[in-house]
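Colleague: Below is the structure I would like to discuss, written out as structure tokens.
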Amino acid sequence: MTSVIQPGTGPFWLALMVVAGLGVVELVSVLLGASASGILDDGLGHHGPDGHEAGLLGGWMSWLNAGGVPILVLAVILLSTFAAFGFAIQALAAGLAGPLPVVVAVPAALAAGVPATRWLSRAIARIIPRDETAAVSQVDFIGLVGTVTIGPLDQGNPGSVRVKDRHDNIHVLRANAAPGHVIETGAIVIVADGSDGLFQAIPAPPELQQR
């Protein structure tokens with residue numbers, strides 16, 4: 001193992017292993033009908049009740065997560081950039097005078113990784129589906145046609161419905177089936193109602209099911 005991990009790179013290998021672990025956790029949670037990323041966003045949201053940042057930590061998180069990506073995605077970006085800059089710094093140092101001490105290399109990699117994370121969160125936010133946010137009013141989702149991505153939808157734990165808004169942006173909404181319905185994963189639905197970030201869906205009519 002010591003022949004694989006070069007001097008001064010242990011923390012960066014650890015960061016990569018954590019990234020791999022987060023990927024496994026998200027995959028398993030989705031297979032079980034939930035989403036670790038969604039759970040983290042609900043439990044660790046940094047916005048106050050009026051949508052304002054909650055204190056210094058909330059302000060820092062808003063700056064870092066400029067693209068508004070899910071918390072789990074942000075963690076993967078930060079750990080990946082930290083590791084990439086760490087390996088690059090140590091490779092450069094080794095070619096000049098020898099690897100830097102960990103106490104020097106880690107802060108340097110973090111200092112480079114933080115602004116890179118902010119920039120990447122903006123770039124990635126443009127290409128991944130987004131949860132419903134204040135950027136689009138909740139009422140704007142009512143009547144949209146979508147696809148159940150995590151189901152089945154019933155009146156119990158919410159699942160997810162993927163929709164496209166009028167600006168052609170993709171959103172993933174937390175949703176239940178309207179009373180009297182059970183809707184399977186992959187079904188085409190219409191968003192019929194919603195409040196407080198939770199929507200109700202009904203099966204789409206046959207002509208939309210065949211689109």
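The values are calculated or read from the model by the stated rules, or taken from the named source; none is laboratory data. The model shown is predicted, which means the values in this text are computed figures rather than measured ones. Cβ coordinates were reconstructed from backbone atoms using ideal geometry, including for glycine residues, and neighbour counts include every protein chain displayed.
Colleague: Please specify each residue of region 163-209 satisfying the condition of being in contact with a strand residue (DSSP E or B) (Cβ under 9 Å, 6 or more places away or on another chain) and among the polar types (S, T, N, Q).
Modeller: Within region 163-209, N169, N176, T185, Q200, Q209 qualify.
Colleague: Of the numbered conditions (1) exposed (fewer than 15 other Cβ atoms within 10 Å of the Cβ); (2) at pLDDT below 90; (3) of a type in the set (A, V, I, L, M), L100 fails exactly one; give the number of that condition.
Modeller: Of the numbered conditions (1) exposed (fewer than 15 other Cβ atoms within 10 Å of the Cβ); (2) at pLDDT below 90; (3) of a type in the set (A, V, I, L, M), the odd one out for L100 is (1).
Colleague: Can you name the residue in region 140-171 that is touching a helix residue (DSSP H, G or I) at 6+ places or on another chain (Cβ under 8 Å) and in a strand (DSSP E or B) and, of all such residues, is surrounded by the most Cβ atoms within 10 Å (Cβ to Cβ)?
Modeller: S160
Colleague: So, in region 67-84, of the ones that are crowded, with 17+ Cβ neighbours inside 10 Å and farther than 16 Å from V18 by Cα, which residue ends up modelled with the highest pLDDT?
Modeller: Looking at the filtered set, the residue picked out is P70.
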